[in-house]
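Worksheet: one structure, shown below.
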Amino acid sequence: MAEGQFSGELLIRCSGSEKNSAESDQVQTIRHPCDPGVPRNDAVYELPALSSLVIPAYEGETCEGHPHGQGVASFVGGHMYKGMFSRGCMDGHGVFTWTCGLKYEGEFVWNSLMGQGLYTWPDGSSYKGEVYYGIRHGTGTYKSATSVVYKGQWYQGKREGKGAVYYNQEKTSWYKGDWVMNNREGWGERRYPSGNLYSGEWKNNQRHGEGTMKWLKLGQQYHGTWYKGVRHGRGTHMWILRRQDGSQYSQSNQYTGDFFQGERHGQGTFHYAGGAIYEGEWKNNKKHGQGKFTFNNGKVFQGEFVDDQMIITSLSDDRTPITHEFLPLSGPGPDVALSTEYLLEKIPKTKHDVEQKQVELMVLRHNTELRSIYSFYSRLGHTQSPDNVFLLSHLQLWRLLRDCNVHHHGVTLTQINLFIREDASSTEVHSPFSTMLFRRLLSCLVVVSYHIYHRDMESSDEPILAACFSKLMTDCILPNAMNVKGFLFRHSDSTLEALKYMEKSWEIYQAYSRVNAAPRDDKTMTCRHLLWMFKDLHLFDNNLTAARLLEIITAESHDPSNQSSSLDLEITFLEFFEALLGCAEVKCQDDVHSPTKDSLETEAVEKTLPTLKSPSQTVTASADTPRLSTTYHTDSGHLEVVDNEAQPSG
């Protein structure tokens, strides 16, 4: 064997070619092996075919006039090989570099790229693994210039068999499972950039067959059949409703039945978190057709549903249909198990069944409006929730009742607290933090309506509870609800700032509250107590006088001009807290740094309420003349990449 150079031409025939297509619905095929463009998503470069190559020059070891041993060969067109030769053929370990910059380093067998090798493209993409006649075949890893990485099996240049692809550098978006001809097909698991997870069958890169999808942040899950990427066939969809951050429900809604092109369609059963159950026909995600609805109190409606509404026929005394009522059943399910035992005691026992049924029907007639009202007021003062549903607090209930002018009908909010309390011995009867479910709000409104209107209805032949409730809805609730008044909830920025001081303000309210009427043992505050408190704390000045404070307190009363009659009026914490906010606004109204109403309210809260924060309380007053010696702390409050994810239905 000798070293030498060729001045003539040497023909080397090389075998092996590949035509590697990308995923049909999501990737871009690179037509030329050295195309400088970047493949989109998880596309893989095609590999070039080595056809007949002519060596115009060779430098290295030879044997009997042929390259043999270590050498460097230059080919026509600018390609180059450096490595081992055997009897004129590339054989052993070597490096082949195409003119465009594509490079292969690895094993050669008789002019064929075969064995373990590494392809490197000019843009940084690479393949490392088994090569068979220049084709990726066996096990290998492909890395694209866009951080997409595939590790797994290959067959004749295609991803086929078991493999995992990572779609981002953090490896938080990936697919692990079966591949057929470069497509996700068979069984596999897909994690999306959002964290959502699908495990199941695939076909042609789409969810197809049996599988489970989990929407983690939404708290939803579907298990069943899929067709071309959407829920289709038989399956179960579950809404997991967490009880946190004031969330109303702690269980889950669940639908099991037929799906058509991603929607509930056909026969299915819906179990509501509140305990109600619907069994029957569905169309376009809505209850439609014949069905059976079982309320959580065991009562059953069976009949026709139209566009998510049950059709109830009201009957006259001779059982003749006279009207049709459409009752929506969207959301977590109707819940009208009214607590009317306290009221029924005031009605002859022979009328109890009729009274109960008629008032429940009347509540059902207003179900849509009442659910909207509950949802609206329960969100006041909140920013967000995992399931966007909140429990209604007493603070929000009081705001609802004041907005609807219920306190103009000879009943105070404090009296309403006593009417609706479930436990007569409860110490939380006047707490703003106590909460209630939707069904409890319905019962409260029935109780309130009775106390306001029962004397007017005694001469009527109609069921008294239903008549009183209907009048409350017509005269008070429907015309006025969701038109928020007062100082606390008018603007979201000042509301959030004010609520930072709510707990400490509640402590002050309790300290100045007294037992006002035997045999009651609950403590409340009156307007007179509030005036004494402002005097004790030296909060009056030229702008904020006692008369101005009374104007603020009585602004929403039935007769604001009659202030003297309000001195002994019991006020809830909402009325107390909003009086503080109104006074804070008065103190800051001349501030040149507060050019707008919104900024004035927010700045008033920030500057004034912190002076009421964290009191060290020593009560030294008598029962009818309260005084409070207080020490204050003035610290202020502080205040996806490759394929579309399946979207859950509402």
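The values are calculated or read from the model by the stated rules, or taken from the named source; none is laboratory data. Treat the numbers as computed from the prediction; the structure is a model and nothing was measured. Here the Cβ is made from the backbone with ideal geometry for all residues, glycine too, and neighbour counts use every protein chain on show. Areas reflect the complete protein model, heavy atoms only, side chains present, ligands, DNA and RNA absent. Shrake-Rupley method; radii C 1.70, N 1.55, O 1.52, S 1.80 Å.
So the values come out like this:
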{"read-out": "Probe 1.4 Å, all protein chains present, accessible-area order of Val411, Val306, Val300, largest first", "value": "Val300, Val306, Val411"}
{"read-out": "All lysines inside 20 Å of Lys82 as judged from Cα atoms, apart from same-chain residues fewer than 8 positions distant", "value": "Lys103, Lys128"}
{"read-out": "Residue list for the range 475-503, given a label point 7 angstrom along the Cα-to-Cβ vector of Asp456 and an amide N cut-off under 17 Å", "value": "475-481"}
{"read-out": "Whichever lysines have a C-alpha closer than 19 Å to that of Lys287, once near sequence neighbours (fewer than 8 apart) are set aside", "value": "Lys299"}
{"read-out": "Neighbourhood charge, 12 Å Cβ-Cβ cut-off, centred on Ser126 and excluding it, Lys, Arg +1 and Asp, Glu -1", "value": "+2"}
{"read-out": "Distant-in-sequence amide H partners of Phe390 (H built 1.01 Å from N, under 5 Å)", "value": "Gln248"}
{"read-out": "Sequence-distant residues sharing a close amide H with Ala276 (under 5 Å, placed H)", "value": "Asn296"}
{"read-out": "Gain on full stretching of the segment that runs from His538 to Glu189 - 0.36 nm per residue minus C-alpha separation", "value": "118.8 nm"}
{"read-out": "Estimated FRET transfer efficiency (Ala555, Val230; beta-carbon r; R0 60 Å; 0.05)", "value": "0.60"}
{"read-out": "The range 82-201: C-alpha gyration tensor shape, a/c 1.5 cut-off, then a/b vs b/c", "value": "prolate"}
{"read-out": "Probe 1.4 Å, all protein chains present, accessible-area order of Met473, Met482, largest first", "value": "Met482, Met473"}
{"read-out": "Residue-wise HN-Hα coupling along the range 432-438, computed from phi with Karplus coefficients 6.51, -1.76, 1.60 (Hz; x: Gly, Pro)", "value": "x, 8, 4, 10, 8, 6, 4"}
{"read-out": "Under Karplus coefficients 6.51, -1.76 and 1.60, residue-wise ³J(HN,Hα) of the range 487-504 in Hz, glycine/proline x", "value": "9, 7, 9, 5, 10, 4, 5, 5, 4, 4, 5, 5, 5, 5, 9, 5, 5, 5"}
{"read-out": "Hypothetical label at Glu645: residues of the range 220-234 whose amide nitrogen lies under 14 Å (7 Å Cα-Cβ projection)", "value": "220-222"}
{"read-out": "Glu185 accessible area, 1.4 Å probe, all protein chains in place, Å² to nearest 10", "value": "60"}
{"read-out": "Candidate lysines for bridging to Lys283, where Cα separation is under 21 Å - those fewer than 8 sequence places away on the same chain excluded", "value": "Lys228, Lys292"}
